[in-house]
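Below is one structure, written out as structure tokens; comments come after it.
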Amino acid sequence: MENITIKDILTATGGTLLCGDENKIITHFCIDSRQADATSLFVPIIGENVDAHKFIAGTLDAGAASFTQEHDTYEHEQPVIAVKDTVKAMQDLAVSYRNRMDLPIVAVTGSVGKTTTREMITCVLKGGFHAFETSGNQNSQIGVPLTIDKMSYSDEIAVLELGMSERGQINILTNIAQPNVAVVTNVGVAHIEQLKTRENICAEKLDIQNGLKEDGILFINGDNDMLAKYTPELVRFPYRFYGFGKNCDIRATDVTEENGCTSFLCHIDGKYYPVTINTLGRHNVLNALAAIGVGCRYGISVETACRQLMKFKGQRQDIRKNNGYTIIDDTYNASPDSMKAALSILDTMKNQRYKIAVLADMLELGDNSPAYHKEVGEYLASTSVTHLFAVGDLINHTIEGVKEQNSDIVIRKFTDNEALAAALKEFLQEGDAVLLKGSNGMKLKEVAIQL
């Protein structure tokens, strides 16, 4: 934050100053008391296991100011601000700071593909702007305020990622970000355990429009069944579909994959342009289409967007070679859609001795989790994958789907990651390609780093 005083914070949050100087300047939020300094505003969060209010005294001694929702009085030379809810106060201050920033914001949400799409959009916009973007995956009720906190007056445009796990959270985040452009990448089954139906997930994602500026526009994945069906009914703003289908305003055709790159033709506004990106998979073509569309919205020519996309290297999917075999490390997280997308990349790889899918459980999919796991197995069975190395309990349903559809695939099941890693190190040889994919909680990253 820039040019923010305690007095400004009191105005933004409706808080009460219990002690300290209202003219003190604050430059950033702090949620980790160990990182507090003389320009921090400490936000003590009440978590499941720890109430961070117990760290307030230490942050004040380090020179920071602090919110509190548990004190009516306080004595210290540093400012302490009483508020009803520290997280809500943090969000209110983020709104106030965003309103000071005279720059357009692009907000990205979706069940899968948020981070890569956000990164591609930022890459394209850097062809004409000093572009700011969300760091890492700070896309939550706390992460979005922390992201806005880092914006500066030198930024000319910003791309923010909005995530959710419960109904109503996108509405909160979009009203904090107040985007000029919104992108919805996908409606899948991530968080269906909490939201119960894909219809509810779709409605939640499309709530991103609730914070849009008056002249706002949405870019929406027109290939997604739920978005294609409900966008005309639920969206109140102008929108453009992107995808492979003929219903899409920004469309890709003639997709080819070779030497780790994907090429396609982008059809937009009555013209078509050849595009090449340094990543594999049709899902990344969709991400690139969204980026091109947003770029055009802000005057970035398609030719410039194409040049920028050639510079893009995704963070989520790490493809590397070691000992003559190819490793696709996609262990960040997993849902049925992202599982299939990752398997499609393994499927398209050419001239491999064996193609090995190393899969673990997909978590938090609710009552239909067994069916979703089996669906992934049925998809895997239709590919050129030769081996399935599996770990977990739910993954048994994936194994069942494979066995029912394709008896030629060699299946090996492991009791834990240690046994899995040992088997892979013994099995893999020059010319193989191996994909690792599973939910974060399954800790497949521990296996990937050993290969």
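Odds and ends about this structure:
- Rounded to the nearest whole Hz, the Karplus-based 3J(HN,Hα) values (6.51 cos²θ - 1.76 cosθ + 1.60, θ = phi - 60°) of region 271-288 follow the sequence 10, 9, 9, x, 10, 10, 10, 8, 9, 9, x, 5, 5, 6, 5, 4, 4, 5, with x at glycine and proline.
- Mean projected area in nm² (Cα convex hull; one quarter of hull surface) for region 315-397: 5.6 nm²
- Translational diffusion of region 96-159, µm² s⁻¹ [Kirkwood Rh, Cα pairs; Stokes-Einstein; 20 °C; 1.002 mPa s]: 177 µm²/s
- Rounded to 5, percent antiparallel among DSSP beta bridges of region 1-110: 45 percent
- Rolling a 1.4 Å probe over the protein heavy atoms leaves Asp72 with an accessible area of roughly 140 Å².
- For region 7-112, GluC sites (Glu not before Pro) meeting the loop criterion (DSSP other than H, G, I, E, B) and having at most 11 other Cβ atoms within 10 Å: Glu48, Glu75, Glu77.
- Counted over all Cα-Cα pairs of region 1-59, pairs farther apart than 20 Å make up 26 percent.
- Binning all Cα-Cα separations of region 77-185 at 10 Å, short to long from zero, yields these whole-percent fractions: 15, 49, 28, 8, 1.
- A viscosity of 1.002 mPa s and a temperature of 20 °C, combined with the Kirkwood radius over Cα pairs in Stokes-Einstein, give a translational diffusion coefficient for region 405-451 of 178 µm²/s.
- Evaluating 6.51 cos²θ - 1.76 cosθ + 1.60 at θ = phi - 60° for every residue in region 59-71, the Karplus couplings come out as 5, 5, 5, 7, x, 7, 9, 8, 7, 8, 10, 10, 10 Hz, glycine and proline recorded as x.
- HN-Hα J in Hz across region 409-418 - Karplus 6.51, -1.76, 1.60, θ = phi - 60°, x for Gly and Pro: 6, 7, 10, 10, 10, 10, 7, 7, 5, 5
- Using the alpha carbons alone, the radius of gyration of region 1-156 stands to its Kirkwood radius in an Rg to Rh ratio of 1.01.
- Rotationally averaged projected area of region 41-90 (alpha carbon convex hull; nm²): 3.2 nm²
- Taking the DSSP beta bridges with both ends in region 307-431, the antiparallel portion is around 35 percent.
- Mean-position separation - Cα centroids, region 65-103 and region 202-262, in angstrom: 37 Å
- Antiparallel beta bridges, as assigned by DSSP with both residues in the chain, represent about 35 percent of the total such bridges.
- Taken over the alpha carbons of region 369-451 as equal point scatterers, the Debye sum produces base-10 log I(q)/I(0) values at 0.12, 0.17, 0.20, 0.22 Å⁻¹ of -0.34, -0.69, -0.95, -1.13.
- Long-range amide H partners of Asp432 with built H, under 5 Å: Thr326, Arg353, Tyr354
- Relative contact order (%) - criterion: Cα under 8 Å, at least six apart; region: the chain: 11 percent
- In region 79-131 the Cα-Cα distances spread across 10 Å bins starting at 0 as 19, 31, 33, 15, 2 percent of all pairs.
- A straight Cα-to-Cα reach below 22 Å connects Lys443 with the lysines Lys114, Lys321, Lys340, Lys355, Lys374, Lys413, Lys425, residues fewer than 8 places away in its own chain not being considered.
- Rounded D (µm²/s) - region 215-370, Kirkwood Rh over Cα pairs, Stokes-Einstein at 10 °C, 1.306 mPa s: 92 µm²/s
- Across all directions, the shadow cast by the convex hull of region 200-298 built on its C-alpha atoms averages 6.8 square nanometres.
- Apportionment of accessible area to carbon and sulfur, the chain, percent (1.4 Å): 45 percent
The values are calculated or read from the model by the stated rules, or taken from the named source; none is laboratory data. All of these numbers come straight from a predicted model, not from anything done at the bench. Cβ atoms come from the backbone with ideal geometry, glycine included; neighbour counts cover every protein chain shown. Protein only, heavy atoms only, side chains kept; ligands, DNA and RNA dropped before computing areas. Shrake-Rupley method; radii C 1.70, N 1.55, O 1.52, S 1.80 Å.
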